[in-house]
Amino acid sequence: MDSSAIGWSGLALSLTLVAVAVGLSLWRGLRLEKDMLWATGRALVQLLAVGYLLVFVVDPDTPVAWAWVWVVVMVGVASLTARRRAPEVPGILGLTLAATSTSAALSLFVVFGLGVYPVVGRAVVPIAGMMIGNSIGSIVVACRRVIGEMADHRAEVEARLALGQPWQDASKPFVRVALRTAMTSQIENTKAVGLVFLPGAMTGLILAGADPVDAVLVQAAIMYLILGCVATNVVIIGLGLSRRLFTPDHRLVRLARAAA
Amino acid sequence: MVGPSGAGKTMLLRLLNRLEVPTAGEVSYRGRPLDELDPLALRREVGMVFQRPAPFPGTVRDNLLVADPDAGEDELVAALRSAGLEARFLDRSADELSGGESQRMCLARTLVTQPAALLMDEPTSALDPDVRRRLEHTARRLADDGRPLVWVTHDLDQCARLADAVVVMIAGGVATGEDRDRFLAGDSETGGDDDEDDDEDEEARRG
């Protein structure tokens, strides 16, 4: 495993490219130097903190309960992140909590309940992290698409309501389009994997000296899990969010469009 | 119902259909407050036609079936006829209709729910004068057949041609007395029949 450790000197050398970036910013007057240095420092501190915590959690002597505590914290942080990225979505915090915890529970059940991996901290934390991390993006996209479709087709939705359709029926065609859009990008990612980019887990395993075919098996399993997670998240968001966009007496609420 | 743009005509119509609820006061239908009635049943009882036609995807038949999936061919044809369209339109694609045809289809779609009354929000504002007159005749006939019809317009001439009774709305309220007379006499420059201020109405209702 020696070839996989780059050590502090290796890390220092990789900073050369940050120096190049800072230099370019100074040269073109972009005024991003401070931001870049802050991001560089912050990333290191955050990752180091996580690293030392991981040392504790993956230690075979540490009770596996700590790994589950970590998972719960990740679900919470993911929900807060989703809210920060899409503050215009009503009730996004609760929706994200529901979606990430359901999809994480499902995928962790498949991995550990069916015995793909043994239930040890070394497996629980990284796999949960990948599932939950990928969930955030799909949740934000699903929220934006549902609200966007409903705002773009407000006239049609209200025409349906005015014909006496309940909101579930009046919104159905638009929720369907939104959920399709939100899921399509993950399907495309799954198709393109390996052709354009080598995904992180696989890259890491290969760098760490694992057999590439073993790395591929792990990566494929992860891609399938992520696809399942994304589908779960998107459907939960679609059902949960669309009911928040209507009042109990079947009126479409006013919708704020996303800033970006 | 007539008044300058931004007077709240569209808002009032939406209140009648319960697409909005009042922040104060009460809307009643046949003596009963709307919040005691099933909103979906009310909307089928008091049909609404919007300012701009909103065709759904598919054929005219698909559109009419949204209003009542169990409607038979006879009912669809009857609704089309009442709205001034012939039976052959049923298999036309809804997004290929002209503006006037599309608005008639929306009227027919509403008629499929067998409403007891109709609300029409400036239904002719996007139509040519010729087509406009024909839709007015259609509305007149529906009203003469015993279906009360609230027609919103900012066009005083149209109001004079169509109305049995006139409600004047100005600045969010019903105008009476001198204000009403002055508006109906056309003293205000807002009585024209152009379309350009429709968007302001739209703005007004979105708040």
Query raised in the report: According to the square roots a ≥ b ≥ c of the eigenvalues of the Cα gyration tensor, what is the shape class of segment A:12-126, taking rounded for a/c under 1.5, prolate for a/b larger than b/c otherwise, and oblate for the remainder?
Result: oblate
Requested in this report: Counting only C-alpha contacts under 8 Å and six or more residues apart, can you give the relative contact order of segment A:25-128 as a whole percent?
Outcome: 28
Requested in this report: State to the nearest 20 debye the size of the charge dipole of segment A:195-260 about its Cα centre, where the only charges are +1 on K and R beta carbons and -1 on D and E beta carbons.
Outcome: 680
Requested in this report: Taking the Cβ of each residue in A:Val213, A:Val146 as the centre, tally the other Cβ atoms inside 10 Å and list the residues starting with the fewest.
Outcome: A:Val213, A:Val146
Requested in this report: May I ask you to evaluate 6.51 cos²θ - 1.76 cosθ + 1.60, the Karplus curve with θ = phi - 60°, for each residue of segment B:5-12 and list the ³J(HN,Hα) values in order in whole Hz, giving x for glycine and proline?
Outcome: 5, x, 7, x, 5, 4, 4, 4
Requested in this report: About the Cα centre of segment B:9-206, how large is the charge dipole given +1 on each Lys and Arg Cβ and -1 on each Asp and Glu Cβ? Please answer in debye to the nearest 20.
Outcome: 780
Report task. Send over the semi-axes of segment A:31-80's equivalent ellipsoid, whole angstrom and largest first, taken as the square roots of 5 times the C-alpha gyration tensor eigenvalues. Result -> 29, 15, 4
**Report entry** the protein assembly as shown - mean residue ellipticity at 222 nm from DSSP helices (-39,500 (n - 2.57) per run, n ≥ 4, rounded to 500)
**Finding:** -20000 deg cm²/dmol
Query raised in the report: Going toward the positive end of the dipole of chain B, with +1 on Lys and Arg Cβ and -1 on Asp and Glu Cβ, which of B:Asn63, B:Leu156, B:Val167 do you reach last?
Result: B:Asn63
Report task. Using the charge dipole of the protein assembly as shown (Lys, Arg: +1 at Cβ; Asp, Glu: -1 at Cβ; taken about the Cα centre), state which of A:Pro173, B:Leu40, A:Ala78 has its Cα farthest towards the positive end. Result -> A:Ala78
Report summary line: chain A: relative contact order from alpha carbon pairs under 8 Å, six or more residues apart, as a whole percent, is 24
Query raised in the report: Looking at segment B:19-120, which trypsin sites (Lys or Arg not before Pro) are DSSP coil and have at most 11 other C-beta atoms within 10 Å of their C-beta?
Result: B:Arg30
Query raised in the report: In terms of the Cα gyration tensor, with a ≥ b ≥ c the square roots of its eigenvalues, is segment A:1-58 rounded because a/c is under 1.5, prolate because a/b exceeds b/c, or oblate?
Result: oblate
Report summary line: Expected sort for B:170-177, A:75-82 on mean C-beta neighbours within 10 Å, highest first, is A:75-82, B:170-177
Report task. State, in angstrom, two size descriptors of segment B:9-206 derived from its alpha carbons: Rg to one decimal place and Dmax to the nearest whole number. Result -> 17.1, 52
Query raised in the report: Length gain on complete extension for the stretch B:Arg182 to B:Ala116, per 0.36 nm per residue less the alpha carbon to alpha carbon distance?
Result: 20.4 nm
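The numbers here are math on the coordinates, done by the rules we state, and not lab data. Everything numeric in this text was worked out from a predicted model, so none of it was measured. Virtual Cβ from ideal backbone geometry, glycine too; neighbours counted across all protein chains shown.
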